[in-house]
1. Could you give me the ³J(HN,Hα) list for the stretch 53-62, computed from phi with Karplus coefficients 6.51, -1.76, 1.60 and θ = phi - 60°, whole Hz, x at Gly and Pro?
2. Could you run the Karplus curve 6.51 cos²θ - 1.76 cosθ + 1.60 with θ = phi - 60° over the stretch 67-77 and give me ³J(HN,Hα) per residue in whole Hz, x for Gly and Pro?
3. Considering every Cα-Cα pair within the stretch 44-89, what fraction, in whole percent, is farther apart than 16 Å?
4. Structure shown: which of Lys32/Lys137; Lys32/Lys72; Lys13/Lys71 lie over 22 Å apart, alpha-carbon to alpha-carbon?
Amino acid sequence: MELSRQQYRLIKKVLEQIYQYCGTYDPFLISKNLNINVSVIPLKGLSGISDISPTGHATIYLSSALNSYAKKIVCAHELGHIFLHRNTELNLFTVDGNKNSLTEYEANIFALELLPHIKPINYFQYSKEELQSYIEKKVFSNIYTLTEQINDNA
Ligand SMILES: [Zn+2]
């Protein structure tokens, strides 16, 4: 894992505190419980954005092109930025995002710990880039599935 033991422990601790407070690992319910606004809007070339206002209020924007499964993954990733990278005001989930960025890697780890059913078994062995590709595949394969379904119905 390209994260120090200490950094990983911090993520686990944050997740534990969230669970204690919210009683759930569902990213949408966590957002609701913690007063994080989640808006679904058309986003060109982006899956999600998290934004923290100068007053400290957090908002997650999710692309309306995503289906509910993909929205959940991106919401979990954006929650990771909100809890781990509060000092950065704007975080973008992009396809061409910096695959070697530590903050993206941490947000991906956070998302996978929050959604253990999509966590690859040996994900500690994944590089930053491999993990980013894995998450993107999870998010975007669902768009294709949805598009195929729409085409089938046409
Ligand atoms: Zn991100």
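1. Running phi through 6.51 cos²θ - 1.76 cosθ + 1.60 with θ = phi - 60° gives 6, x, 7, x, 7, 9, 10, 10, 9, 10 Hz.
2. 7, 5, 5, 5, 4, 5, 5, 5, 4, 4, 4
3. Working: 363 of 1035 pairs.
Cα-Cα pairs in the stretch 44-89 separated by more than 16 Å: 35 percent.
4. On the way: Lys32/Lys137 27 Å; Lys32/Lys72 13 Å; Lys13/Lys71 24 Å.
From the list (Lys32/Lys137; Lys32/Lys72; Lys13/Lys71), the Cα-Cα distance tops 22 Å for Lys32/Lys137; Lys13/Lys71.
Computed from the coordinates by the stated procedures, all read-outs in this text should not be read as laboratory data. None of these values were measured; they are calculated from a predicted model.
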